[in-house]
């Protein structure tokens with residue numbers, strides 16, 4: 001650090017002031033540099049900033065002029081483990097609930113008039129698998145799988161939205177003698193009437 005020059009009879013007052021100001025400026029700069037160093041050192045020990053994952057972008061479907069949607073469900077494999085009429089009713093109810101803001105009204109079964117669009121849902125392969133823990137009389141882990149595909153069309157055949165074949169699965173732990181008993185379990189029936197329809201409706205109206 002600089003030292004103030006010795007005052008002699010030849011030193012002017014202005015020279016003394018300039019030397020004093022320079023010394024004070026140097027002291028302030030050193031203090032500032034020390035403070036920055038302390039902050040930088042402390043930042044090394046701070047926890048990392050949380051990672052925020054952005055929500056998926058909704059799949060856009062133009063529902064302009066669409067008010068009534070008819071929901072139809074068919075079983076292309078013919079296994080009919082899932083109740084087709086109940087699934088159609090549940091999907092229609094979910095679409096109506098999610099589409100309240102846009103005035104969508106979905107209905108299953110035969111309609112009095114022609115709908116503005118028809119949602120045709122196809123049930124593909126349906127099966128139940130278990131892990132090694134599943135045995136008769138003891139709880140085991142089961143996975144219920146239902147493959148679905150869907151298409152939303154206007155009366156003239158224009159495709160508004162298409163959902164390619166999608167795997168919908170439900171993992172559950174329960175006591176069952178085999179796959180047939182799993183299909184009839186209340187937990188699985190609840191998933192068929194709530195969880196599965198919600199997934200189909202969500203993909204149509206929300207996009208995931």
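The values are calculated or read from the model by the stated rules, or taken from the named source; none is laboratory data. Quick caveat: nothing in here was measured; it's all calculated off a predicted structure. Glycine gets a Cβ as well: all are built from the backbone with ideal geometry, and neighbour counts include every protein chain shown.
Structure notes:
- Which listed residue is more than 18 Å from the chain's Cα centre (by Cα) and at pLDDT 90 or above, from 156, 169: 156
- Restricting the search to helices (runs of 4 or more DSSP H) fully inside the stretch 155-208 and requiring at least 2 residues that are over 16 Å from residue 92 (Cα atoms) gives 179-183, 186-190.
- Test: residue 142 is in contact with a helix residue (DSSP H, G or I) (Cβ under 7 Å, 6 or more places away or on another chain), more than 21 Å from residue 79 (Cβ to Cβ) and touching a residue at least 40 places away in the same chain (Cβ under 8 Å): no
- Residue check for residue 171: under 28 Å from residue 130 (Cα atoms) and either touching a strand residue (DSSP E or B) at 6+ places or on another chain (Cβ under 8 Å) or surrounded by 12 or more Cβ atoms within 10 Å (Cβ to Cβ) (or both): yes
- Filter result for residue 88 (within 30 Å of the chain's Cα centre (by Cα) and surrounded by 15 or more Cβ atoms within 10 Å (Cβ to Cβ)): yes
- Test: residue 98 is in contact with a helix residue (DSSP H, G or I) (Cβ under 9 Å, 6 or more places away or on another chain) and either modelled with pLDDT of 95 or more or exposed (fewer than 12 other Cβ atoms within 10 Å of the Cβ) (or both): no
- Sole residue being crowded, with 17+ Cβ neighbours inside 10 Å, free of Cβ contacts under 8 Å to residues at least 60 places away in the same chain, in contact with a helix residue (DSSP H, G or I) (Cβ under 6 Å, 6 or more places away or on another chain) and closer than 13 Å to residue 87 by Cβ, chosen from 106, 201: 106
- Residue match in the stretch 128-137 (condition: in a strand (DSSP E or B), within 26 Å of residue 115 (Cβ to Cβ), modelled with pLDDT under 95 and in contact with a strand residue (DSSP E or B) (Cβ under 8 Å, 6 or more places away or on another chain)): no
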